[in-house]
Amino acid sequence: PTRSKLDFVIDADDIGQGGLAKKYRDNIIAIQVIRAMDLEDRLATDGERKQLARYVGWGALKGVFDPNNKQWVKQHLELRELLTDVEFRAARKSTLDAHYTSPVVIGAMYDAMQRLGFTGGRVLESSVGIGNFFGLMPTDLRNNAQLHGVELDGLTSKLVAALYPEAKIKQATGFEDYDIPVDYFDGVVGNVPFGSQPVVDKEGSAYSGLSIHNYFLSKSIDKLRPGGIMAVVVSHSFLDAQDDTARQWILERAALIGAARLPNTAFKENAGTEIVADILIFQKRDNNGLPNGLSDWREVMQLGVENKAGEFEPYTVNQFFYDNRQFVLGKPSLESGMYRANNYTVEPTGDLKQQLAEWVETLPTHIYETIDRLADSSLVDQDLPESIKVGSFFVNASGAVMQRGVDVMDNKSANKWIPPNDKAASRMKGMIAIRDSLRVQMRLERLGQASDTQIEANRAKLNVLYDNFLRQHGHLNNQTNRRLFLDDTESQLLQALEFDFDKGISKSVAEREAVEQRPPSAVKADIFKRRVAFPAQDYMNVSTAKDALLASLNYRGRVDLGYMAEVYNKSLSETDGILKELGDVVYEDPQGGFVTADEYLSGDVKTKLFVAQAAAQEDAKYQRNIGALDKVIPKDKTPSEISVSIGAAFVPADVYEHYIKHISGGDSTATYIKSTGQWLLSFSGHADPALNAGRFGTSDLSAQALFQLTIMGRGAIVKETIRNPDGSTYTIVHEKETAAAREKQNAIKDEWKKWLWSDPERADRLVDIYNEKLNRIVNRKFDGTHLTFPGMNPGITLLEHQKNGVWRGLQSYQVLYDQVVGAGKTFEMATLAMEMRRLGIARKPLFVVPNHLTLQWRSEFTRLYPGSNILAATPEDFGKDNRERLFSKIITGDWDAVIIGHSSLKKIGLPEETEKAFLQEQIDEIGDAIEAMKRERGDRHIIRDMEGIRARLEAKMKAKLASVGTRSKVVTFDELGIDGILIDELHEFKNLSYNSTMDRNPGMGNPNGSAKAFDLFVKVRWLFDTFGEKAPFITATGTPVSNSLVEMYNMQRYMQYPTLKREGLHVFDAWAKQFGSVENVYE
């Protein structure tokens, strides 16, 4: 093969030139070129490719992403206008580790590979960036190479794909999500991303969770074939780090052939970066552990390094560079670097190009053995239907039966299926046709975009296909058909089209066993007869005034008499009759029209009473309202009944400022940040030492510092950071001083309780504020005594609290039944589910209960509703094969309720893109709250710090999903048709991960959480996102909170996440400041 004229060749003198302003402008021009190419659907011209190649990314341009950076404010607005939100977020994230490589370094790396004997083959660039490694590859090497690149940033990946259309670029994909066959690549080149943020993959590999550069190095070695060469640039911290875990892992699998340490200016001209990096050359070991390579590179040593004052200080460096200082291409020293003071660096001492050339000459020659890769050119990406899953059978255009194989580097593959006979071929094609028609039916019913005519037409087609197959080949579940279709990924889905299959008794068996002959039989699944999946809808089934009220609340969000008359088949003139039938269930609010009694007699009842009294002067009918409201008005609280924690949001800022003056003698300014629920304090003037460091403080932590810790929800800790000779640090806690400081912190809290109410004027003011703001609310009470339950066993009567619970569920849709054992939660939830199904609120409710209780739940459910159609998991259904069959039956049946075990829920995931979207939502919400706090506090390096925080959040959440384990390959959760979820024993899921800047205190639980809790949270978020905030989510537990305050927070996150988000309380720190306080307790 010859080098494609389509691929760009970089002029080494034409990239990365100029200052930051020019680099920014080059980036903008490149983006505009890509926009034009997309709009005109064309390739780049030669001139445009030169412009694209000048793109240098955003590693050196962090300021442009900070809206408060005055130097870049114009450019920030320009970039915001030019990029989509997704592109802007990805570009900002790339500032964390995007540093582009200079042509001099790249050239030396290729010289090194060629000296080792590398002449081409499959080459990977795991973080391809703009493609400098591709564009600067020597022509003879490029002519014999098949290039593969991976790039996370969507915009950059578009740019590199435009420059190198012959290369296979995996766009907008992280290396952790890049699927690679074992021992696939002959060579790996590139500049490994710099950064300490962890990377997590869904496979749970041995290196999942390592820092980004360690992850990239380890995965690259893992996917390199034995004898393959890896030449990479990586931060010096890989070799110099005290922790040798990653080095040891790589040492066992690859030999280090050569290494050179670069001066800190190696990337400055191109990427604006001063950082010390190493060129490392590895060769993958074979089964015999060869080659041996360089020795002594796993350990680190203490080396004397000169600082700015000319003094030598010990610093930790890798043993290889300790023993081979000639390969450090500059002078080691200590100075201020990119990220911290007194940083190890290497100053330039000569011509880097010449130094690298001399280093290359020290490497061994011809140690690489070439493998013929000409056959790669014959690989064809087969044109397969997108709906065909890996492992599924299909019929191609020529009528042959094929089975889709595993994709190889994004090339779809399929193998021809060889039938044992013509009859088998006919059976296979028949089952494929039924499966495909079933998939179409599922999609038509679920998405809600098809008409009833289209849905029923395909259902008729499905019936014809099945009936014809049954006549010709027997039931889908007979042994012959099951065995033939067994290897299809969706075989269980096909078998779920038949319920209660009985293989029958043949004539010969009947004669031999002296029993009656019986033909095979099965019941056709519900999907053959009626709809089993429903999109979100805007109607209910109405037969009473109360049904009409529920329909109005559900689909109009209020009591709409006109709508109620319409759905109740009444005229508008008959609305008085509807109100009479409802009785005390509704009230007329003078300001808001008709509302339910539950709503009217709850909430801010003081304001409602004032309004009703004014309205009654004009119309006596409102006397009814006054009488009802008078009975529920809360009594004003007195100071002895009010508990005010330091940090409470309702306390005015000047009260906190006066108290700080009282305990320290100094002035202060207090500001409340609503988005994070935090008070920010600044101190001014001179404090009184007798107070600040005496009565209410110590010499280590003053009263002002202790008050600041208290209002932030943190306990006092006196600690000291000690720096090691090598520049690393460690922290010790002074126990005696900490105990003294906590005693003073308790004194500040005790004094607060006395001081707050000591001044009559201040006390009256706070009481008034409290009663005005916080003592106006009456919790809503739900009265369900009016309910009747069609279909319920007449021998069973629900208790009053059970009826109230059902009525609450029918109105609010999200309920936690926190009732004692024996209170009847099972009947309560079963009744609610049947009522929701009768009214059309939930067409297929899913119960998730402890594994050992699935059959008990079914028994209780059918006793309460004898005519109900329940699908419940049996103990046998928890096995893998039976579990897939159960999931398939959920889809094809019209069930009043589906009951599965806790362990089964996590075995069926949402579509990958859906899970990714919810992960991103969580990362953005938490990240935005933290960023707002940092900006208000005036922190520096916000963009860099925030992208690091976001990266760690992403790794943490991806690790949670990865630890869930293997998911169903047949169906995804959204395909089940589930539109309501009911969880029994919710406390089994209360260990949900969270993030906090507060100190770890007893009562805060484990912030990492469990995989199954996170899986449920993602599914609940999907439920609300798909069906709206009125989506049914019903839970029950007798112990919602047992060990920690965080459990209460997590219960609210499950039940009321949209509400918490609206109120700015979805972040733990904001929630904790509002509803809790930190106490120092000695045990």
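The table for this structure:
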| item | result |
| --- | --- |
| Cα-Cα over 25 Å, subset of Lys844/Lys1019; Lys635/Lys744; Lys23/Lys70 | Lys635/Lys744 |
| Additional length obtainable on full extension of the chain from Arg443 to Gln856, 0.36 nm per residue less Cα span | 145.3 nm |
| Distance violations [Cα-Cα > 21 Å] among Lys880/Lys1012; Lys223/Lys969; Lys389/Lys416; Lys958/Lys1073 | Lys223/Lys969; Lys958/Lys1073 |
| Cut-off 12 Å (backbone N to label point 7 Å along Cα→Cβ of Val390), residues of segment 145-179 | 178-179 |
| Extension reserve of the Ser451-Ser506 stretch, reckoned as 0.36 nm per residue once the Cα distance is removed | 15.3 nm |
| Selection from Gln355, Gln441, Pro385 lying farthest towards where the dipole of the chain points positive, charges on Cβ | Gln441 |
| Segment 17-92 shape via C-alpha gyration tensor axes, a/c threshold 1.5 | oblate |
| Local net charge near Phe827, Cβ-Cβ under 14 Å (Lys/Arg +1, Asp/Glu -1) | -1 |
| Dipole of the chain [Lys/Arg +1, Asp/Glu -1 at C-beta], most positive-end residue of Met37, Thr826, Gly1064 | Thr826 |
| Lys, Arg +1 and Asp, Glu -1 on Cβ, resulting dipole of the chain about Cα centre, debye, nearest 20 | 1800 debye |
| Ranked list, fewest to most other Cβ atoms within 10 Å of each Cβ, for Phe320, Phe8 | Phe8, Phe320 |
| Convex hull volume of segment 393-499 per residue (C-alpha atoms, cubic angstrom) | 130 Å³ |
| Highest average packing first - 426-433, 489-496, Cβ atoms within 10 Å | 489-496, 426-433 |
| Segment 619-660: trypsin sites (Lys or Arg not before Pro) in DSSP coil with no more than 15 other Cβ atoms inside 10 Å | Lys631, Lys635, Lys637 |
| More than 24 angstrom apart: percent of Cα pairs within segment 639-775 | 37 percent |
| Cβ-placed point charges (K, R +1; D, E -1), dipole of segment 17-92 about Cα centre in debye, nearest 20 | 440 debye |
| Segment 532-628: mean projected area of Cα convex hull, nm² | 7.3 nm² |
| Theoretical FRET efficiency, 1/(1+(r/R0)^6), r = Cβ-Cβ of Arg483 and Thr544, R0 56 Å, to 0.05 | 0.55 |
| Cα-only radius of gyration and Dmax that characterise segment 122-236, units Å | 13.4, 39 |
| Interchain or long-range residues, amide H under 5 Å from Val300's placed H | Gln319 |
| Segment 208-256 versus segment 160-184: alpha-carbon centroid distance in Å | 20 Å |
| Cut-off 20 Å (backbone N to label point 7 Å along Cα→Cβ of Asn69), residues of segment 15-43 | 16-32 |
| Label assignment, Kirkwood radius over Cα pairs in Å derived from the structure, set (i) 32.0; (ii) 34.4; (iii) 33.5 | (ii) |
| Segment Thr139-Glu735, extension gain: residue separation times 0.36 nm, minus the distance between their alpha carbons | 207.9 nm |
| Check: segment 639-775 dipole with +1 on Lys, Arg Cβ and -1 on Asp, Glu Cβ, in debye | 280 debye |
| Furthest towards positive pole of dipole, Ala60, Ile28, Leu82, structure part segment 17-92, Cβ charges | Ala60 |
| Peptides ranked, highest mean first, by Cβ atoms within 10 Å: ranges 604-612, 408-416 | 604-612, 408-416 |
| Sequence ranges 702-712, 682-692, ranked by mean other-Cβ count within 10 angstrom, highest first | 702-712, 682-692 |
| Ranking of Asp1025, Asp881, Asp153 by count of other Cβ atoms within 10 Å, fewest first | Asp881, Asp1025, Asp153 |
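Each value in this text was obtained by applying a stated rule to the coordinates, not by laboratory testing. What you see is a predicted model, and the numbers here were worked out from it, not measured in a lab. FYI the Cβ positions are ideal-geometry reconstructions off the backbone, even for glycines, and counts take in every protein chain you see.
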